[in-house]
Amino acid sequence: MTHVPYQLPSPPQPLPPAPPQAAYPQAPYPAAPPGQLPPGHALAGHAAGRVAAGHVGHMTAGHLPAPVAPVAPAPAGPLRTDAFPPPRPALVPEAEPIRVSVDNNRCHIYGICEQEAPEVFRISQGGSLHYTASVPAELAAQARQAARCCPMQAIAVRGGQTPGGSPGRKRTGPALRSGAGARAGRRRIVVAGGGLAGLSAATRLRERGFDGELVVVGEEPIRPYSRPPLSKQYLAGDLDGDDLAFRADDALDAHWLLDTRVIGLDLRASALELRGGERLPFDGLVVATGVDAKRLPEAPLFSERVRTIRTLADAAAVREAMHAAGAGHVVVIGGGFVGCELACTARLQGMDVSLVSHSGPLLRRVLGERVGQVVGRIQARAGVALHLGREVVDWQDHGDVLRLSLDDGTVLTCDFVVLGLGSVPRVEWLRGSGIDLSDGVGCTPTCHVRDRWGRTLPHIVAAGDVASWPNPRFDEHPRRVEHLIHAVEMGQHAADSLLRGPGRAARFTPVPRFWSEQHGTRIQAVGIPALGTDVEIVEGSLRSGSFVARYTRATRYGDQVVAAVAFDQPLRLLDYRDQIGGARSAARALGRRRRR
């Protein structure tokens, strides 16, 4: 196989002025004709491949494309509310019917399944879930997507085809780790990261018909699993590790290199560097290494009584340590979703809980001050002692107890401390590689990775929590989004973009969706509430605790709807999803019931 390595560029010379572009927001890039990949693309070969039909031709030898020079942003124009299609992910049709079942003991009626497959799943006005067990082929892809996005992994799928094209097909033999000559001309795509985004990208590659070598490198020793329940149902003992495994794509045809840490990226040779001096060459790369839990520098580093939760191993250690310590009083540090959910779990276990947050209202950075105050009232009613706007200035580990001094003079004596401070992108292995690491892994709107000079790397894409990209549905500013459904959808889109190439790939313009549960109150959101400057209660009331809030902001294009948040109203939230990114004048609150 002829292999032309990517050459790490020297600092670029000034570029000529960019040609005029259409004003933001633009319609998606022109797609290839249905079922076709762009000719000459490094991963498609010189023969056109089948996409929509679920098949890509055998990959042929060819040169890797050169980096694509950056294009200067265009002047802003008037807001076009019809610039983007409704926020529905592109799915690969399935040819066979499937059967679905729902574990009612796991299901929490978040309504995600109805959002993904409304013809299969439906939540009644009484709050119960109804579904069609026998799903015809034309709805199978939507039902399988619902299973992927279910946070509790309560949906089981049987029948249909495994990602790869034929029922039950699995690749045998060990993964070829080092030595391009051993591949005998076969193309190789490597997925760096064994989490949900990596699994989603790998699955989509097989669904699109990629029949080369597919290698998934994961640092943990187990297959991908659902992380949201770690701070809730798993910590409470309601679920075990096996209950968290993703089940929709468990038959993925891929080589898994688990318990394997990636320590570097050699762009010149198009190879990952593994521990022990091993190198893993690739023709295409998906970066999906996720994030790490953030720690406090001043917290005791080796204390068994101070823990973070990010992985299943972390959660297992916290669960065991809390019981070993006989925890009666737990301090949770952090006022975000993880901190609040940890407080809920500890109170459910009968523990006294103090929650310390340096910001004002809980979830202020996510939901804003007004709605965040509602979350604070929910926590306080449940018996959580709130210390808001406070910081820990001194730690004392006395062996049997911990003493934390706050900046207002308060001293908290506790048995255990759990840090829920958010996360930091896992990019340490990419330092010095030439990739843009200004906030995670910098990407273009198509999910292709940029180098630090702003140029596109056509054979590398990124997905999930680690990826920062501009979502044109909102604006041109790159952001990272850390939610389960986002990991599913961005992994799928990144795989499509890798196969199509930068010139043919569509822009990734999702509406982020996330949820939480606070002492029995279900919180669901669409969009990015943190962008909103004006909050309008369009259903219910803050006083009742059951409401829908719509978030808008003033832009040079007019007022834009950026998010909607529902407290205990999962059905009503569906009416607002398609408004996100559009002008407020075009948004209508259906069946509005306003009560202040």
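The values are calculated or read from the model by the stated rules, or taken from the named source; none is laboratory data. Predicted, not measured: the structure shown is a model, and the values here were computed from it. Don't worry about glycine lacking a Cβ; one is built from the backbone with ideal geometry, like all the others, and counts go over all protein chains shown. All accessible areas refer to the heavy atoms of the entire protein, side chains included, with ligands and DNA or RNA removed. Shrake-Rupley method; radii C 1.70, N 1.55, O 1.52, S 1.80 Å.
Filtering segment 222-231 for residues that are touching a helix residue (DSSP H, G or I) at 6+ places or on another chain (Cβ under 9 Å), among the polar types (S, T, N, Q), closer than 30 Å to A505 by Cα and not in a loop (DSSP other than H, G, I, E, B) leaves an empty set. Within segment 89-110, if we keep just the residues that are open to solvent by 60 Å² or more (accessible area, probe 1.4 Å) and of a type in the set (S, T, N, Q), the residue that is farthest from A147 (Cα to Cα) turns out to be N105. Evaluate segment 89-112: report whether one residue or more is touching a Pro at 6+ places or on another chain (Cβ under 6 Å), more than 20 Å from S226 (Cβ to Cβ) and at pLDDT below 95. Scanning segment 89-112 turns up no residue that is touching a Pro at 6+ places or on another chain (Cβ under 6 Å), more than 20 Å from S226 (Cβ to Cβ) and at pLDDT below 95. Restricting attention to segment 88-119, the residues that are assigned to a strand (DSSP E or B) and over 24 Å from the mean Cα position of the chain (by Cα) total 4.
Every condition in (1) at pLDDT 95 or above; (2) crowded, with 20+ Cβ neighbours inside 10 Å; (3) over 30 Å from E341 (Cα atoms) holds for E213 except the one numbered (2).
Quick grid of which residues meet (1) over 21 Å from A327 (Cβ atoms); (2) of a type in the set (G, A, S); (3) out of contact with any strand residue (DSSP E or B) (no Cβ under 9 Å at 6 or more places or on another chain):
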| position | (1), (2), (3) |
| --- | --- |
| G350 | no, yes, yes |
| S354 | no, yes, no |
| H358 | yes, no, no |
| V374 | yes, no, no |
| R381 | yes, no, yes |
| V393 | yes, no, no |
| P425 | yes, no, no |
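In segment 351-373, is there at least one residue being open to solvent by 70 Å² or more (accessible area, probe 1.4 Å), free of Cβ contacts under 8 Å to residues at least 40 places away in the same chain and touching an Asp or Glu at 6+ places or on another chain (Cβ under 9 Å)? Yes; the residues of segment 351-373 include at least one that is open to solvent by 70 Å² or more (accessible area, probe 1.4 Å), free of Cβ contacts under 8 Å to residues at least 40 places away in the same chain and touching an Asp or Glu at 6+ places or on another chain (Cβ under 9 Å). Considering every residue within segment 325-348, establish whether at least one is among the aromatic types (F, W, Y), open to solvent by 10 Å² or more (accessible area, probe 1.4 Å) and more than 20 Å from E517 (Cα to Cα). No: segment 325-348 contains no residue that is among the aromatic types (F, W, Y), open to solvent by 10 Å² or more (accessible area, probe 1.4 Å) and more than 20 Å from E517 (Cα to Cα). For segment 230-276, give me each residue that is free of Cβ contacts under 8 Å to residues at least 60 places away in the same chain and either at positive phi or open to solvent by less than 20 Å² (accessible area, probe 1.4 Å) (or both). Within segment 230-276, D259, T260, A271, G276 meet the criteria.
Just checking, does segment 446-454 include any residue being open to solvent by less than 10 Å² (accessible area, probe 1.4 Å) and among the charged types (D, E, K, R)?
First pass over segment 446-454, keeping only residues open to solvent by less than 10 Å² (accessible area, probe 1.4 Å): 446-449, 451.
Of the ones still in play, those that are also among the charged types (D, E, K, R) are 451.
Scanning segment 446-454 turns up at least one residue that is open to solvent by less than 10 Å² (accessible area, probe 1.4 Å) and among the charged types (D, E, K, R).
Restricting attention to segment 277-307, which residues are open to solvent by less than 20 Å² (accessible area, probe 1.4 Å) and either in the same structural domain as E341 (by the TED database) or under 29 Å from L484 (Cβ atoms) (or both)? L280, F282, G284, L285, V286, V287, A288, G290, V291, A299, S303, V306 - these are the residues of segment 277-307 that are open to solvent by less than 20 Å² (accessible area, probe 1.4 Å) and either in the same structural domain as E341 (by the TED database) or under 29 Å from L484 (Cβ atoms) (or both). Can you find even one residue in segment 165-179 that is in a loop (DSSP other than H, G, I, E, B), modelled with pLDDT of 90 or more and outside the structural domain of Y576 (by the TED database)? No. Is segment 492-500 home to any residue that is surrounded by fewer than 19 Cβ atoms within 10 Å (Cβ to Cβ) and either at pLDDT 95 or above or not hydrophobic (A, V, I, L, M, F, W, C) (or both)? Scanning segment 492-500, I find no residue that is surrounded by fewer than 19 Cβ atoms within 10 Å (Cβ to Cβ) and either at pLDDT 95 or above or not hydrophobic (A, V, I, L, M, F, W, C) (or both), so the answer is no.
Looking across G442, G434, one residue alone is at positive phi and touching a strand residue (DSSP E or B) at 6+ places or on another chain (Cβ under 8 Å). It is G434. Each residue in segment 380-406 was checked for being closer than 12 Å to V417 by Cβ and assigned to a loop (DSSP other than H, G, I, E, B), and 1 of them qualify. The residues of segment 343-368 that are part of a loop (DSSP other than H, G, I, E, B) and within 14 Å of L421 (Cβ to Cβ), listed by number, are H358, S359, L362, L363.
If you go through segment 451-470 one residue at a time, how many are within 14 Å of the chain's Cα centre (by Cα) and in a loop (DSSP other than H, G, I, E, B)? Before you say what the answer is, go through the steps one by one.
Within segment 451-470, the first condition is being within 14 Å of the chain's Cα centre (by Cα), and the residues that meet it are 462-469.
Now narrow it down to the ones that are in a loop (DSSP other than H, G, I, E, B): 463.
Summing the residues that are within 14 Å of the chain's Cα centre (by Cα) and in a loop (DSSP other than H, G, I, E, B) in segment 451-470 gives 1.
If we keep just the residues of segment 120-148 that are assigned to a strand (DSSP E or B) and buried (at least 21 other Cβ atoms within 10 Å of the Cβ), which is nearest to the chain's Cα centre (by Cα)?
That would be F121.
The residues of segment 408-435 that are touching a His at 6+ places or on another chain (Cβ under 6 Å) and open to solvent by 10 Å² or more (accessible area, probe 1.4 Å) amount to a single one, D415. Report yes if some residue within segment 468-475 is crowded, with 24+ Cβ neighbours inside 10 Å and touching a residue at least 12 places away in the same chain (Cβ under 8 Å); otherwise report no. Yes.
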